[in-house]
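Okay, so here's the structure we're looking at.
Throughout, read-outs are computed from the coordinates displayed, never taken from laboratory work. Model, not experiment: these values are computed from the prediction. Here Cβ is always computed from backbone atoms with ideal geometry, including for glycine, and neighbour counts include all displayed protein chains.
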Amino acid sequence: MTSLFPFPQIRDGQKELIKDIETVLETGNSLIAHAPTGIGKTAAALAPCLEYALNNNKIIFFLTSKQSQHRIVIDTLRLIKDKIDKNKSQINFSVVDIISKQAMCPRDIAREYYAVFNEMCIHEQKTRKCRYFRSDKTVTNQILNNILHVEELKDLCAENVLCPHKTAVDAMAEADVVVCDYNYVFTDILETVLEKTGKPMDDLILIIDEAHNLPDRIRDHLSGELTLNLIDEAAKEISPLDKKLHRHIRDVGRFFDRFIETQPGNTELNISREEITQGIEQALQEVLGGGLSYMEFVESLKAIEVEIAEKEQHEKKEKSPLTSIIEFLEGWNTNLPCSRVYRNEVNPVLSFRLLDPSVLSEKIISGAHTAVMMSGTLYPVEMYADILGAKNALLKQYKSPFPSENKLVLITKRLTTLYSMRSDSMYNEMAKKISQIHDAVGGNAAVFFPSYSLMDDVYRKFQYNSDAKIEDKSEDIILEERRMSKAAKNKLFNKLKINSNKILFGVQAGSLSEGIDYKNNILRAVIIAGLPLSPPTLEVKNQRDYYINKFGQEKGILYGYIYPAISKVMQAAGRGIRSENDVGAVILMDARFAYPKYRKCLPPDYDIEITDEAEKICSEFFKKDFVVKALQEAENKIREEKVKKSFERIKVEEVKINSMPVIEKIEDKNLIPLAVLECVYEFNERLGVHKIAGILTGSNAKFIGEGGYNESKNYGVLGNFTAADIAAVIDELLQKDYLERAGEFMYPTVKVSRTGGLAILKKEEIKVDTLSQIKEYQEKEQKQKTPHEEAEDMLTPGETELFEKLRMWRRKLADRNNVPPYRIFQDKTLREVARKKPGTKEELKEIYGVGEAKLEKYGGVLIEIVNG
Ligand code: SF4
């Protein structure tokens with residue numbers, strides 16, 4: 001067995017996985033591995049693949065679906081390197097960690113939408129306008145001689161005025177391991193990648209992590225939508241620059257208009273590729289003085305897209321209407337099997353989506369030397385083999401390494417989110433059951449719904465309920481919101497503390513129900529509130545029919561309809577138990593889970609009980625001795641980890657362990673210097689002042705998201721201050737010896753001194769003069785109201801009462817979401833609501849500060865409050 005495994009012990013599941021990977025490496029075959037959480041699949045895959053690659057001159061591509069997964073890969077490779085160095089072995093290997101060109105680009109044009117950025121980058125390379133686009137062998141060697149995380153690689157290149165992407169790609173030629181996104185292999189850039197590595201396809205060893213995401217990622221790559229609005233908006237973009245092209249796009253608009261008029265109302269229809277491509281081509285040919293072909297038209301749009309971007313100030317990275325149209329027209333024209341649907345909605349839509357990911361993946365999986373596809377939810381493995389076209393792959397389901405008795409799995413009777421059964425009383429019952437289960441587990445619980453609207457409906461039953469106990473619980477609910485930024489989601493996640501007794505409301509297949517690690521038993525229960533079957537749209541039907549045609553009736557329904565829903569359930573249900581020591585309950589709160597056709601699709605290690613009394617069974621489970629002990633140990637572990645970390649860092653044996661403080665919330669200004677020290681301490685000499693200030697103020701800068709700094713518990717705790725304020729505090733802490741200069745890695749960094757370490761441990765109040773100056777300045781900034789503004793604020797007594805009610809609701813919501821109240825609604829808006837008392841959403845829409853998004857999110861509640 002491999003000598004490169006970096007840990008002292010190999011667990012049973014790991015042993016089996018390593019053995020299987022060694023077998024497929026020897027035979028040049030592939031593996032599809034359902035490897036439940038806890039097996040330790042990253043090290044188990046990397047060690048044998050690396051050994052084989054080094055002995056046989058192959059190259060490993062470790063493919064991930066998210067950038068956040070890179071860190072564990074790089075850390076594992078560093079451990080392997082440490083082991084090699086410790087054994088004084090002659091083995092050497094090099095690694096390149098690479099993300100998208102745009103995410104690595106240090107220039108302003110990186111803020112453009114991808115397609116535009118890409119065109120501009122290519123143009124600047126060709127015209128030699130980009131001063132970063134050059135090679136430097138010394139820097140390439142530095143990358144190859146050190147295992148750098150992509151953030152470190154970017155810093156190194158920035159220091160040397162080099163394009164990080166080009167430098168990383170240059171380094172690929174000599175690398176043994178490339179850590180990158182699926183896109184590097186599963187799109188048409190594969191050819192360029194192969195050219196850069198100088199290796200043929202069969203020299204590639206692919207490790208595809210979280211591979212349950214791969215089919216949808218391939219499908220999403222070939223999908224798009226077209227509307228009349230989009231055409232109009234794009235025409236406006238083009239109009240000032242090219243009158244002829246503007247006429248062409250107007251012709252396309254007229255064609256689409258005529259097309260809409262000839263379609264039957266209120267329906268969805270399948271549309272052939274040719275009907276649209278030929279219609280557009282004909283419309284283009286009708287132009288006086290000669291028209292363009294379909295593809296000539298697309299190329300002209302691309303050229304003007306770059307021209308527009310060059311004239312703009314690179315301020316935002318959103319997809320422009322013109323870019324959307326280009327992507328649509330290119331994608332629609334493909335010969336690959338797609339669902340092509342016309343939906344006659346208020347704003348009619350033409351959409352397409354790839355039906356068969358295997359048209360792309362099959363040749364890649366069979367062409368590579370070996371592909372190891374692995375995930376904790378790659379179940380059933382036969383389905384993934386079928387839909388990815390991995391015909392001869394070894395299919396394996398590994399046993400969960402966690403004791404089965406640690407997980408309670410229940411299906412509740414009667415409750416359901418089946419469309420025909422949805423009603424106020426059903427939502428009320430669901431709220432009641434969630435509340436009872438939450439009481440029974442006595443700690444944090446997460447509830448994942450099939451959609452935001454269902455989540456809102458049940459949440460409302462918590463907000464307004466005749467049972468005061470349920471209504472009070474609404475205070476404990478943390479709510480995921482639509483289109484939350486990554487930083488906001490992390491902030492929300494950080495509200496879950498070991499004893500916080502919260503209920504997290506989120507959606508299935510959302511970013512709180514997938515890919516997030518709820519460590520140290522932070523969740524005691526996960527409730528799956530509804531079976532997330534897709535609504536029966538024509539696209540869903542097309543997918544199901546395609547698979548029925550390809551794999552037969554039974555498999556077609558399973559692959560096209562049922563398993564995609566079960567996969568979301570498995571992902572969400574898996575959030576609770578993340579280690580062999582965790583204990584918890586999974587409650588499948590939809591009676592349909594008990595139906596044989598769905599139940600047989602759940603993994604075999606789900607030991608299910610069907611009940612009407614989930615709360616009672618949960619209560620008994622959480623009273624069991626081993627469960628109480630496990631939860632106590634999790635709590636102790638968190639405390640010990642904090643203490644241990646602090647002792648390792650500052651080595652002050654004389655301080656008692658139990659005095660370790662944790663800064664929960666920065667309300668007291670005397671804690672501000674402590675928060676700064678905590679943050680510096682957390683990043684252990686790796687960060688400079690600029691990044692520390694960005695983390696503490698909750699900055700949305702690119703480096704924050706990319707470095708995962710928004711996952712820090714200190715992220716945004718000093719959101720009321722500016723980066724300059726924090727930098728001034730850091731300066732003063734340096735002068736007062738609480739901080740020291742650490743070193744020059746890529747830039748000067750700071751570290752906590754012994755004095756600072758003691759201050760953290762003793763939760764010392766540190767006087768920092770800078771703070772008084774900042775406060776003074778903030779007070780000066782307070783604006784005086786004009787007499788006109790004061791008159792505007794006047795309300796009658798009745799209006800004042802309603803205004804106060806509205807403010808109280810806003811305060812609760814703001815506290816719960818950890819945002820300032822004005823971010824929900826300004827006082828001016830609430831005053832106007834109190835004055836005008838809107839009774840409908842239409843009336844509410846007329847009020848200052850109520851846009852579409854806020855209307856959708858808060859409209860129902862506001863009207864309920866107004867109506868008393
Ligand atoms: S060559 Fe590199 S630095 Fe220059 S624009 Fe492209 S990605 Fe950015």
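Here the chain yields Rg over Rh of 0.96, to two decimals, using C-alpha coordinates and the Kirkwood radius. Helical runs (DSSP H, four residues minimum) scored at -39500 (n - 2.57) apiece and divided by the length of the chain put the mean residue ellipticity at 222 nm at -15000 deg cm²/dmol.
Ranking ILE271, PHE255, GLY694 by Cα position along the charge dipole of the chain, where only Lys, Arg, Asp and Glu carry charges on their C-beta atoms, puts GLY694 farthest toward the positive end. Packing, taken as the mean count of other beta carbons within 10 Å per residue, orders the peptides 859-866, 384-391 from highest to lowest as 384-391, 859-866. The residues packed around ALA234, meaning those with a beta-carbon under 11 Å from its beta-carbon, carry a net charge of -2 if Lys and Arg are +1 and Asp and Glu are -1. Positive contributions from Lys and Arg (+1) and negative ones from Asp and Glu (-1), summed over other residues with Cβ under 15 Å from the Cβ of LYS363, come out at -4.
Taking the charge dipole of the chain about its Cα centre, with +1 at Lys and Arg Cβ atoms and -1 at Asp and Glu Cβ atoms, the residue from ALA742, VAL507, LEU802 reaching farthest to the positive side is ALA742.
Near ALA446, the amide H atoms lying under 5 Å from its own belong to LEU504, ALA525, VAL526, ILE527; only residues 5 or more places off or on other chains count, and H is placed 1.01 Å from N. Dipole magnitude for the chain: computed about the Cα centre from +1 point charges on Lys and Arg Cβ and -1 point charges on Asp and Glu Cβ, it is near 1240 debye. Give the lysines reachable from LYS302 as a straight Cα distance under 21 Å; neighbours fewer than 8 places away on the same chain don't count. Of all the lysines, those that pass the test against LYS302 - Cα under 21 Å, at least 8 places apart if same chain - are LYS101, LYS126, LYS129, LYS236, LYS243, LYS244, LYS311, LYS316, LYS317, LYS319. Semi-axes of the equivalent ellipsoid for the range 99-171, computed as √(5λ) from the eigenvalues of its C-alpha gyration tensor and ordered from largest down, come to 21, 13, 9 Å. Put in order of Cβ neighbour count within 10 Å, fewest first, the listed residues VAL689, VAL526 become VAL689, VAL526.
Can you tell me, using C-alpha contacts under 8 Å and at least 6 residues apart, the relative contact order of the chain as a whole percent?
In percent, rounded to a whole number, it is 12.
Given ILE610, ASN494, ILE478, which one lies farthest toward the positive end of the charge dipole of the chain, if we put +1 on the Cβ of every Lys and Arg and -1 on the Cβ of every Asp and Glu? Sorting the options by dipole projection puts first ILE610. Translational diffusion of the range 213-271, estimated by Stokes-Einstein from the Kirkwood radius over alpha carbon pairs at 10 °C in a medium of 1.306 mPa s, is 115 µm² per second. Measuring r between the beta carbons of GLN263 and LYS597 and using R0 = 41 Å, the FRET efficiency lands at 0.70. Net charge dipole, the range 223-333: roughly 240 debye, given to the nearest 20, about the Cα centre with Cβ charges of +1 for Lys and Arg and -1 for Asp and Glu.
Taking the centroid of alpha carbons for each part, the range 348-376 and the range 102-127 are 27 Å apart. Building the convex hull from the alpha-carbon atoms of the range 223-333 and averaging its projection over directions returns 7.4 nm².
Our coupling estimate for the range 394-409, obtained by passing each phi through the Karplus curve with A = 6.51, B = -1.76, C = 1.60 and θ = phi - 60°, is 6, 10, 9, 10, 8, 7, 5, x, 8, x, 5, 5, 6, 10, 9, 10 Hz, Gly and Pro reported as x. Computed about the Cα centre, the dipole magnitude for the range 330-424 is approximately 280 debye when only Lys and Arg (+1) and Asp and Glu (-1) carry charge, each at its Cβ. All other residues whose Cβ lies under 11 angstrom from that of ASN141 are scored, Lys and Arg at +1 and Asp and Glu at -1, for a net of -2.
Averaged over residues, the count of other Cβ atoms within 10 Å places the peptides 116-123, 610-617, 323-330 in the sequence 323-330, 116-123, 610-617, highest first.
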